[in-house]
1. Within the range 408-439, which residues are crowded, with 24+ Cβ neighbours inside 10 Å, assigned to a strand (DSSP E or B) and among the hydroxyl-bearing types (Ser, Thr, Tyr)?
2. Can we say Gly295 is under 30 Å from Arg618 (Cα atoms), under 20 Å from the mean Cα position of the chain (by Cα) and modelled with pLDDT under 95?
3. Looking at Ala220, Ala256 in this structure, which one is in contact (Cβ under 8 Å) with a residue 12 or more places away in the chain, surrounded by fewer than 20 Cβ atoms within 10 Å (Cβ to Cβ) and not polar (S, T, N, Q)?
4. If I ask for residues that are closer than 22 Å to Ser336 by Cβ and in contact (Cβ under 8 Å) with a residue 60 or more places away in the chain, which ones from the range 389-406 would you list?
5. Does Gly167 fit the bill of being closer than 20 Å to Ala216 by Cβ, small (Gly, Ala, Ser) and part of a loop (DSSP other than H, G, I, E, B)?
6. Any residue that is at pLDDT below 95, in contact with a strand residue (DSSP E or B) (Cβ under 8 Å, 6 or more places away or on another chain) and surrounded by fewer than 23 Cβ atoms within 10 Å (Cβ to Cβ) - is there at least one of those in the range 263-281?
7. Quickly run through the range 171-207 and pick out the residues that are within 22 Å of Val239 (Cβ to Cβ), out of contact with any Gly (no Cβ under 9 Å at 6 or more places or on another chain) and in a loop (DSSP other than H, G, I, E, B).
8. Restricting to the range 260-304, give me the number of residues that are farther than 20 Å from Glu388 by Cα and part of a loop (DSSP other than H, G, I, E, B).
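The values are calculated or read from the model by the stated rules, or taken from the named source; none is laboratory data. Nothing here was measured: the structure is a model prediction, and the numbers come from that model. Because the Cβ atoms are built from the backbone with ideal geometry, glycine has one as well, and the counts that use them run over all protein chains shown.
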Amino acid sequence: MPSSPPTRLTFQPAAPPGFGDQYNSWAWSMLWWQGALYVGTHRAWYCAQRAAHTSALPGFVKKTIGRYVIPPPDPAANCPDSVFDIPLQAEIWRWTPDGNWQRVHQSPQDVPIPRQPGRFVAREVGYRYMTAFTEPDGVEAMYVSGVNARYLYRDLPAPCLLRTVDGRHFAPVPHDPGTFMGDLDSYTFRSIFDYKGRLFVLTGHMHGSGVLLESANPAAGNDAFRQVSPPGMKIFEMVPYNGHLYLGVHAEDGYAILRTDAGGDPYTFVPVVAQGGYLPDKPSLRPISMHVFNGCLYAGMDRPQTEIIRINPDDSWELVIGAPRLTPTGWKRPLSGIDAGFNTWLNGHIWRMQSHQGRLYVGTMNMSVALRKSPRIHPANFGFDLYETGDGWHFSPITTNGFGHDLDYGVRALASTPHGLFVGSANNWQACHIWRGVPESNLTASLPAGSADEPPPRQLAVFPAPPPQRLTAEVVDDRVLLSWEPPADSAVARYHVWRALVRDERHFFEGRPWFRQATRVLRLVRRLLPLLRRLRPLAREVYLPPLPQKVWMFQPYERLGMTSETHFQDMPGQGNRYIYFVQTETGQGAYSAASNITTVPLLSPPTTFAAALAWGQRRSVSPALSGELAAVEEKCRHSAWEAALHDLIAIQQKPTSLSTPQLETDWNVQLNQLARRIHLCRLGLLPFAFLFESGETT
């Protein structure tokens, strides 16, 4: 069944790399505020991190295992010879709709370095988060999370929380010694949100989690803030949702999501998701990103299982991306059918998420940059991934190679503006990049990297050719049956079908002498961590994620073939994993971007009548609609395909009175899947029984 094509954005560079400065290595924060886009940078991260490791580790560690835990010098980073010469003054840049960029703030280099007379370090080395806050007198101010250099020099003043009311003059809120803010034992302010007329701020250490602060009058600083999270709670991320403040918590038995209404003293924290979503083997310990989309809260996790979950308004939750598992409320299988990390272990974070014009954009941190010299890491894996979805089920790749910049290893910031979606990267070697995505057909967009002999271009010209929609896979005996919906109002000449092999590379790495030696070293480091954490504050939040049982990495996409039909059959062989996408070509030779991806083996069973009816009962779909759907099922049992499709389409047009837009979407996605399977049965491509039983799943 054709449907209206989504608005697909195309992306172009929006600023010179690093705003003309190589040491602007991360675009760490972004905010559209008062008609302009603000970007906060993180300075010289590779150089500063290496210097921090070198200075923080005890001498015996440097001599014995230092070559494994200290990053080797990399000439591409152009690090100064002396730590004192690393340019660490963080910056804030402003973009206006006329296309101009202006640096509106640079951190002063006025903090004396302890025990180094006459030497000074920047007050802030990075700006991590930005938010708008309406103050008690009605003035709207922007607050910016500052990050200090305590990871280099321990005895420095507390970090700064910057404030501005005009976007030109930034000043720290008061944090005098002897006050709550002045005596904070932290390196950084993290996420900031306006909730119930109070400013909530996370503060903690550079890499790790933190504690929750609140203030009704943040401009006063000093003792106007207080800690409201209990001792021992390690909070990594937060976001207001559904009348509560939801917190992503680091926990040793697996990540947790809690909520509070910020009332009472002390606050009450209610568990929503616990024990890493009940994944039995090596769950992620912490949420990295959280974002509200289509009436639900999406949370993206850290390695080793880089999954995405969705929390509904009633606090039930769904697995969106990740491995199937049994939970106290039954099986959770990924709605998307996609495994953790978008099918690759190299995606170590779901780093940022942002909604824009009715679609959710998901950016990753890709670890391939650290392993780029390994012969088993194909260049197809280099660079961050950026995906988008309109329904939370079907995810389409915008780029899987950092828009062609191999060393851009992470999407570090996203901002929705009236002038497009802005994307900011992390790149420790060649400076960060900023892109702007707009729905213009004469710009360019990246497809996933292809094979050397027959690649889809890394920068493919996008003409008015919408992509296929809702690509799905069925496994029938030894065949993979792909099917999709044609784009509406498009003169399609043919479709191009692409496939990538996904391999488990764990055995390769385990067989390398350097890996075996590094594994022994990491075990030693883990045993030493309690001691190191006592000796060196930098090590307090060090987290060494384990290697998962399967180290999935994908190979280049190869074109399988072309067809004018909306289905395609493949015989890929047994025992391997594969990713597929499809591309449209028009009669005028115009090509579309990629469809959503789908994978085999199937991680989620395709929708059956029984599954749809059970879902409708759980979600209180009206008995009348459920009865009509049961009648469609009966017609299918008698092979009345045309009548069944007609009635199913009629059901889709009727209101359901479901409680959220996302649940409406879930219902329609399942009805679409049923309609597709009925169509395939009518063509004789799908066994009749598949409408009433799941088919192959793993």
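1. Across the range 408-439, the qualifying residue is only Ser425.
2. Taking the combined requirement at face value, the residue satisfies it.
3. On the way: Ala256 fails: surrounded by fewer than 20 Cβ atoms within 10 Å (Cβ to Cβ).
Unique residue meeting the criteria: Ala220.
4. Thr389, Gly390, Asp391, Gly392, Trp393, His394, Phe395, Ser396, Pro397, Ile398, Thr399
5. Criteria not met by Gly167.
6. yes
7. Correct list: Gly197, His205, Met206, His207.
8. The qualifying residues number 20.
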